[in-house]
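These notes are about the structure you will find just below.
Nothing in this text is a laboratory measurement; each read-out follows from the coordinates by a stated rule. What you see is a predicted model; the values in this text were computed from it and never measured. Cβ: placed from backbone, ideal geometry, glycine included. Neighbour counts: every protein chain shown.
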There are 2 protein chains.
Amino acid sequence: MNRGLTVGEAAAKVGLSTHTLRWYEQEGLVEPVNRDGAGRRRYESGDLNWLILLTRLRTTGMSVRDMRRYAELARLGPQTVSERRRLFEEHKERVLERIADLQRDLEAINVKIEIYRQMEQDQR
Amino acid sequence: MNRGLTVGEAAAKVGLSTHTLRWYEQEGLVEPVNRDGAGRRRYESGDLNWLILLTRLRTTGMSVRDMRRYAELARLGPQTVSERRRLFEEHKERVLERIADLQRDLEAINVKIEIYRQMEQDQR
DNA sequence: TCTTGACTTCGAGCGCACTCGAAGGGGAAG
DNA sequence: CTTCCCCTTCGAGTGCGCTCGAAGTCAAGA
């Protein structure tokens, strides 16, 4: 029978630790995961997809607080779709800004690299 | 007489708090800043340029630990230029990776936005 | 002269996001 | 039955990067 993955397997799959997975659940970022007869978590594909989405939000810099807000909206059902879209669009703007900032600062770094290269030339 | 900016003026100029400026100095990220007769810090243009460079490194995700290493190299003089260049090139690679990750995850966010838009359509 | 406000040092505290450890239970393999 | 490992909950600890507060000094403006 395939009743889903254990917390360890799910952790390996989504690239988080088992500790973090339980902590996400406790923090309300994840719906309480179904348990097997022995009380152990069984992660099904829906849980995994949700976790993968969360990791994308995290790596793009969304705070746990905002992820929780999003999870709450998702729990409330279809009538929160517009708010969820707005939340994502705001997040998207922040990510775009972040990318722009990184690209701008990268320029300064490249300039520095060039200067160091020149200095290395001159030292010879 | 213009013997440089006070810590408050420097903080305003580079976008850090006075607390953070003193803390950077204490952590070895910044050379001890010259003082006036009353023992107050006087930030000169060299100090400001250094701080601006540091803020760029920070906003691009360099850790305080690595910034300290860089500051130490800079203190050692011209014979560390090659190592400083290497340090910057490694950092540059990390920033490029970060940008790529953000752009990849942004795709998933855009997909989500599209899905929500569809759902909003269908609800009408 | 008095007040105001920015400066000084020092050490403690904070928010975030985990991360770990203790103590115990369950179930499959040998 | 024993060994093994993974699971459970709970609460405490960690690392990072600040951030704040206390207590005191100093200088310029009214």
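Inclusion of residue B:102 among residues that are more than 7 Å from every other protein chain (Cβ to nearest Cβ), in contact with a helix residue (DSSP H, G or I) (Cβ under 7 Å, 6 or more places away or on another chain) and of a type in the set (A, V, I, L, M, F, W, C) is not warranted.
Please determine whether any residue of the range B:88-109 is within 12 Å of DNA strand D (Cβ to nearest atom) and more than 19 Å from residue A:116 (Cβ to Cβ). No: zero hits.
Hand me the list of helices (runs of 4 or more DSSP H) wholly inside the range B:1-93 holding 3 or more residues that are closer than 26 Å to residue A:123 by Cα.
Working: elements: B:7-14, B:18-26, B:45-59, B:64-75.
Qualifying helices (runs of 4 or more DSSP H): B:45-59, B:64-75.
Only one entry of B:17, B:45 meets the criterion of being closer than 25 Å to residue A:114 by Cβ and of a type in the set (S, T, N, Q), and that entry is B:45. Residues of the range A:37-48 include at least one that is surrounded by 13 or more Cβ atoms within 10 Å (Cβ to Cβ), without any contact (Cβ under 8 Å) to a residue 60 or more places away in the chain and under 16 Å from the mean Cα position of the chain (by Cα).
Given the residues B:29, B:54, which is the only one that is away from chain A (no Cβ under 14 Å), more than 8 Å from DNA strand D (Cβ to nearest atom) and under 28 Å from residue B:92 (Cβ atoms)? Before the answer, list the steps.
On the way: B:54 fails: away from chain A (no Cβ under 14 Å).
B:29 is the lone residue from the list that is away from chain A (no Cβ under 14 Å), more than 8 Å from DNA strand D (Cβ to nearest atom) and under 28 Å from residue B:92 (Cβ atoms).
Among the residues of the range B:80-94, is any closer than 18 Å to residue A:59 by Cβ, more than 9 Å from chain A (Cβ to nearest Cβ), among the hydroxyl-bearing types (Ser, Thr, Tyr) and free of Cβ contacts under 8 Å to residues at least 40 places away in the same chain? Working first, answer last.
Here is the first cut: in the range B:80-94, the residues closer than 18 Å to residue A:59 by Cβ are B:93-94.
The next check asks that each one be more than 9 Å from chain A (Cβ to nearest Cβ); those that pass are B:93-94.
Adding the requirement that they be among the hydroxyl-bearing types (Ser, Thr, Tyr) leaves none.
No: zero hits.
For residue A:62, the stated conditions hold: it is surrounded by 14 or more Cβ atoms within 10 Å (Cβ to Cβ), among the aliphatic types (A, V, I, L, M) and facing chain B (nearest Cβ under 10 Å).
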